[in-house]
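Coordinate-derived values only; no laboratory data. Keep in mind that what you see is a predicted model, and the values were worked out from it rather than measured. Every residue, glycine among them, receives a Cβ derived from its backbone with ideal geometry; neighbour counts consider all protein chains shown.
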Amino acid sequence: MTMEIAKYDYLIVGSGLFGATFAHLATKQGKKCLVIDKRPHLGGNVYCENIEGINVHKYGAHIFHTNNKEVWDFVNSIVEINRYTNSPVANYKGKLYNLPFNMNTFRQMWGVRTPEEAKAKIEEQKAEAVKALNGREPQNLEEQALTLVGKDIFYTLIKEYTEKQWGRKCTELPAFIIKRLPIRFVFDNNYFNDRYQGIPIGGYNKLINGLLDGVDCLTNCDFFKNDIDLSDNLRIISGDLRLKDHWQDIADKLVYTGAIDEFFDYRFGKLDWRTVSFNTRIEDTPNYQGNAVVNYTSHNEPYTRVIEHKHFEMFGQQVYDCSKTVVSEEYSTEYKSGMEPYYPVNDDRNSALSDQYRTLAAQEADVIFGGRLAEYKYYDMAPIIEQVLNINI
Ligand SMILES: Cc1cc2nc3c(=O)[nH]c(=O)nc-3n(C[C@H](O)[C@H](O)[C@H](O)COP(=O)(O)OP(=O)(O)OC[C@H]3O[C@@H](n4cnc5c(N)ncnc54)[C@H](O)[C@@H]3O)c2cc1C
């Protein structure tokens, strides 16, 4: 049964950055939007949970970075971005190294003081790796990486970390995964080369709430179920139909940011994903590891990284004003149905399958497919916002 009052211009499935930015811009243009999300909260993967006064990045650490001034200004018009600079540290069997690979790393590894000394060391080790190939091309990731950075950096900072990430030996991974390994001959631990970076002051939820200010939103509402209840708005929609099968009753157009294969009822089969699982705990100390991101680059620890969330938003004395801290160990995990889909798998099967779904999507006249799940493509946050800013709403 459907009792309707006024229709929405857009039904937006998914309240992540794509859906929320779209809703914000459309609302600004006088369009009426309804945003639904199947999760119990808004914000998609940038959502943070407040634990002990700390914004905990529930779906993995998110650092905003961009070179695009329009995107930067847009985000700052909703919420100011702080001065957080991503400068991860690597822990290999208890010894610490700065990342990305730069003069600080080389000093810690070899005791070198000048770029010339560091270059000489790397060139010597690269030449050794090239010689070992005897004129043939690198056959796997291990051989490839050795020719790009030499043995010390590879064995200390790349090999075991990569094996934990992929769940396979570097000798079994294809060479093309690592095309370049950026090396800096300056003392600069800033991970990103982008002009702008940081974390929204007050956290990502503030950004999402700002984007969705004045927009009708429903959480715990799955597009593929019939559980929509708009009774608060004096509108009741129920019955046996999935929302997907009668969304036109609610809106003129659909913005869909869920999984593309699910939209088409997995007609050609399911797309694969890679995922990460988190072990999050409170530590009874104000400062556990002294940095937001520490990579564990040996097999001694089963996790790849430990994130200490407070360092994204607390600096100097603020770190100690908050007596506890929250840390998350990250584990690369094989994806199974029901887990969070995080990273698309770029192999032949999944590329062909996602192309098939994209062809179907192109035929849906009143539907805009957008975001990482609907495009089956990894995007950082800034390119997602840039895309939406460029849509003709
Ligand atoms: C582990 C990890 C770390 C990352 N770190 C960074 C980083 O440091 N910097 C950076 O720039 N980017 C980072 N990203 C990328 C960032 O998360 C994405 O750019 C961003 O989340 C994309 O937004 P989105 O709206 O496309 O997707 P999402 O945020 O996933 O939003 C999609 C929403 O759709 C909802 N949905 C799906 N299906 C349905 C349905 N059937 N019914 C109702 N709702 C549905 C979901 O619940 C979800 O809330 C990271 C990504 C991952 C996975």
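Cβ-to-Cβ counts within 10 Å put PHE192, PHE223 in ascending order as PHE192, PHE223, the fewest first.
Computed from Cα positions, the angle between helix 348-362 and the longest principal axis of the chain comes to roughly 30 degrees. Listed by chain and number, the lysines whose alpha-carbon sits under 30 Å from that of LYS151, ignoring those within fewer than 8 places in the same chain, are LYS93, LYS95, LYS119, LYS121, LYS126, LYS131, LYS159, LYS164, LYS169, LYS179. For the listed peptides 63-72, 313-322, a ranking on the average number of other beta carbons within 10 Å per residue, highest first, reads 63-72, 313-322. Over the residues of the chain, the helix contribution to mean residue ellipticity at 222 nm works out to -8000 deg cm²/dmol, using -39500 (n - 2.57) for each DSSP H run of at least 4. Build a GNM of the chain with springs between Cα atoms under 10 Å apart, and of CYS33, CYS170, CYS48 the one that fluctuates most is CYS170. Mind telling me which of ALA352, ALA61, ALA292 comes out most flexible in a GNM of the chain, alpha-carbon contacts under 10 Å? Among ALA352, ALA61, ALA292, the largest GNM mean-square fluctuation belongs to ALA352. Positive end of the dipole of segment 100-177 (Cβ unit charges, origin at the Cα centre): among LEU146, ILE177, ASN102, the Cα lying farthest that way belongs to ASN102. Remark: spin-label model distance TYR378-ASP321 equals 3.7 nm, labels positioned 7 Å along the Cα→Cβ axis. Sorting THR280, THR147, THR21 by the number of Cβ atoms found within 10 Å of their own Cβ, with the fewest placed first, yields THR280, THR147, THR21. With Cα atoms defining each centre, segment 171-199 and segment 288-304 are spaced 18 Å apart in the structure.
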